[in-house]
């Protein structure tokens, strides 16, 4: 393996860098080192190499949003009162003066109107929560589509999935804290969900709410969960996630100089620290701008929660939209056996379905490695097209998610598109099953088509856009061979299912195992990269063609040969020529 | 300047300053407009015509524009197959007519699940005549008086403030389930919708509550009293005039539009930054003097 | 299977092998480094420095403006309004955003333009530890287990595991007082109408308009009127008289009562009523139903007057109020409970009894009966007494 080690970061060597004259910083560092022995860790990690690509920063959106949440959250806790004790509002917002409300709601009004910067921090906190979860989702999609969830990173995927689930719950408990009409309606729905659980439903419900709904305990309890329990778990999981990332080193795209056995990029200090710090300030800044310019969750317009009031367009925040949609689409199935009620219409879409889907997402790397039999370590990413079935599966899951999401906003779709809400629901009931299948099929064929295109480019070169007309009158587009770097990058992929992992032995009786059959379907129709023979044959053919067209070479043919824009043909760089 | 020169230039030719012509033109327009506004007959003044004349006029208009669906005497029209073409107007009252025709809903442009507002076909005189005619068919709700629906007629700011508070509670109990917490509108079954209230004239809000147009419920004076109706209107007006304390309101539609903005504006902008951060900067073919 | 990164296959025709891929093309190695203008041209470098410093300066200015806005711009409903938006939030948000964003942009520009961007290479090591490390760890564990004796002393081991497992029980048990059970609450009745099967409604309790609390006469309502209603006890009255201190509902009991007792009254044309049960419990075409959806409990008051279909805004369950609240669309599994109506001696609408079945979302222990069976059960215990309020078959 001829890795050019002349450019390896020299500070990864074995001799310690010697500190020369004792500067102030040097003295401080020495003091710390004498107590903490940090140099050993520092030696390895200060100049650790990270590869560079914009898609590697999506997880950072989530990470920095979390930091913004912590900062803005602490601010809010200084004024928020998590109590359902009743009071009569006499604060600075006139339309609610004289109205009974909980202390929690009154403190939310106080923060919004009487604490300078309070409304800003509330909105920053809420926008950051939305960006946190959205960031985790785009990061999840990037990781999955590029195959970064394969060994050795399966555990990191599991940690990440748990972060997503916990983040969603954290968001739900968070926006329910102000005890306003909209989020209170959400809590009422949660009460209905819990009540519907067979056998233990009423017990769990009464334990959760401290008695009947609404009671006076739910807000303080959600506060504890939101401010203490879940953030603690999130912090621990994020730390583990980062630790594994540093230990495994980040994956990288294939390319010139890049191998499974190395990582090419820039060192942590100063490049990545600066970029990460800069991105943190960017995320915080964008969130602050959104908090200043875009109003969200205007709790004063909703009024305090009252179990007899409701608003049209009652939806949870976007990340809970899909279980809400599933709930809306579900037909009203209830079974009654021997004096008991089984509420399938609630239990299935809200408890069972999300549980099943989350479990599937959690297990995706393990399912994939079971099907493919791939036991190797992977540090080079794959283009989505090179794993058609995997890409299509995730697109199908995204489509399923999207169908539920749309169902969650069906009343708004109805008024914006002047459609019948009943028809929308009926249509979505069917689409939920049909659309993912269609999406799967289309995506898979699309990926395979792109693979074929890659092979064509590899064999026959890229289209230059220059049309040549031969003296005989025929037209041909000039193809040029890909530059060495691009051609190499295209060939860095597995050839065939067997190279990835072994197939099962057939069962006694000759039948294939289940895994074997799934595996065959998984790899079906993949357009494999050309063999060495095909490639060499194609190169010879290309040389022949180049000879044939040699007479036409060097002559500019874009029409400018007759005017004063003429220039030597060789100087003009061709499209994509570097 | 060239345009000004042509018209204004001529006026300015004999005057000391070149822009004087522009000032003369402006003054002439203002004077003409002002004279017209003062001297022209008020088009929406209450018609002092005889009540019977008004009813007769209304009947004429009714026969031309409304009777094809509502019947020659407003009794309603049902097809042989039992389909309702137009409901009976006997007893709906002048208020219903003022609402339906004043907001342009009637005459209905095309059949459908929901009657939409559009530019009114009739001016206020004709509407009053139609209302008088329909009101004469049988006793029904009358067109409200300004004191009943206009929040500016409260005697003091304090009274108005209290009305806004009461109106808010009534609004949240009775109205938001269909019309949404800011009055931005909401969905009804089978393609109907409860419309947006924030741009609606207070008189029409009052009349809608009173007469229950299309699939809206009645909120007769025995259900929500006239004072309470006025309080609701005061609250809606307060909603309309309230500044966006937190910024742009995203349509007042709640979490769905918020989520859309989070994805499009938030994630879109941040991914844009990510692409910028990781992008290669400008390159040059020049070489560095000394090795790195 | 060791996670070996080197390929066992032999070289093919002199081409180099990449790990995990068969030979096709050799790795051309890192691309030649191209310098940036800021690397080679001192003037460009200085300009980039000034640019970055400008961003930091802009950030500082924004910070100062933030502090000034905080001091000078009043917040809240009495504060100034700029462009139709609250000035305080706008000013604070834009200045804070600018302050942060400019630092971010500045630092990133510094990294992109001025920090060295020569690509470096680092060797990866397999994720697994080396064989010797593994062997050493296994040996260490083995000797530890040996020395503890846990392997050869099953009595100790099992009793330890048993006692620790048992400790899980207190952790769960101490959470019991998080709340009572439905059964407890029904037995002890800590407030009126306690328990999932009851509400505060009772015979002779007046139906009053929500928010204002005034009682209702049938003649107040026209056909098509929808009234959002409550029992008068919510407003602290019984038979129009104020109740005593101990009966007054406040705080959590008031909210609990409202969450179950909320009712919608609809006056229909009596000929439109389809179900006999509905008709029996109506007064001059006025029917009363629970306002609490039987799906997950959102309050419903979206009535389509022309069809008397009641639509819940949360998940679009639709109930037919002329037909005993039957579900005609949506995810609700059960009809809407109806409140039997009567008229008291002063002519006000009253309830003839509590709701004849539990209101709100379903739960496991709930016995569910058809509308006819519910009525039969109700009639057996209530029809007699209800006659005092004008009840008769076929409705009043």
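Quick look at the values:
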item	result
Packing rank of A:485-496, A:236-247, A:138-149, where each peptide gets the mean count of other beta carbons within 10 Å, highest leading	A:138-149, A:485-496, A:236-247
The range B:124-254: C-alpha gyration tensor shape, a/c 1.5 cut-off, then a/b vs b/c	oblate
Förster radius 30 Å - calculated FRET efficiency between residue A:242 and residue B:281, Cβ distance, rounded to 0.05	0.60
Cut-off 15 Å (backbone N to label point 7 Å along Cα→Cβ of residue B:198), residues of the range B:244-285	B:244-258
D (Stokes-Einstein, µm²/s), Kirkwood Cα radius, the range A:161-216, 0.890 mPa s at 25 °C	202 µm²/s
Part-to-part distance (alpha-carbon centres) for the range B:168-235 and the range C:231-302, which is given in Å	21 Å
Choice from B:65, B:225, B:155 showing the highest fluctuation, given a GNM over chain B with Cα pairs closer than 10 Å	B:155
C-alpha center-to-center spacing [the range C:106-128, the range A:475-548] in angstrom	33 Å
FRET efficiency estimate (nearest 0.05) - Cβ-Cβ, residue C:219 to residue C:241, R0 25 angstrom	0.65
Prolate/oblate/rounded label for chain B (Cα gyration tensor, a/c 1.5)	oblate
Reduced Cα scattering model of the range B:48-143, Debye log10 I(q)/I(0), q = 0.13, 0.17 Å⁻¹	-0.41, -0.70
Among C:75, C:168, C:251, residue whose mean-square fluctuation peaks in a GNM of chain C (springs only between Cα atoms under 10 Å)	C:75
Directionally averaged projected area (convex hull, Cα atoms, the range C:189-389), nm²	10.8 nm²
Helix C:154-166 vs. chain C, principal-axis angle (Cα, 0 to 90°, nearest 10)	50 degrees
Base-10 log of normalised Debye intensity for the protein assembly as shown (one unit scatterer per alpha-carbon) at q = 0.04, 0.05, 0.07 Å⁻¹	-0.33, -0.50, -0.91
Separation between Cα centres of the range A:117-185 and the range A:355-393, rounded to whole Å	22 Å
Viscosity 1.002 mPa s, temperature 20 °C, Stokes-Einstein D of chain A from Kirkwood C-alpha radius, µm²/s	74 µm²/s
Cα gyration tensor shape of the range A:118-198, rounded if a/c is under 1.5, else prolate or oblate by comparing a/b with b/c	oblate
Shielding by partners, peptide C:252-260 (average Cβ within 10 angstrom, other chains)	6
Computed label-point distance, nm, for sites residue B:79 and residue B:157 using a 7 Å Cα→Cβ extension	5.9 nm
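Throughout, read-outs are computed from the coordinates displayed, never taken from laboratory work. Only a predicted model underlies this, so the values are computations on that prediction, with no experimental measurement involved. Please note: Cβ atoms are built from the backbone with ideal geometry, for glycine as well, and neighbour counts cover all protein chains shown.
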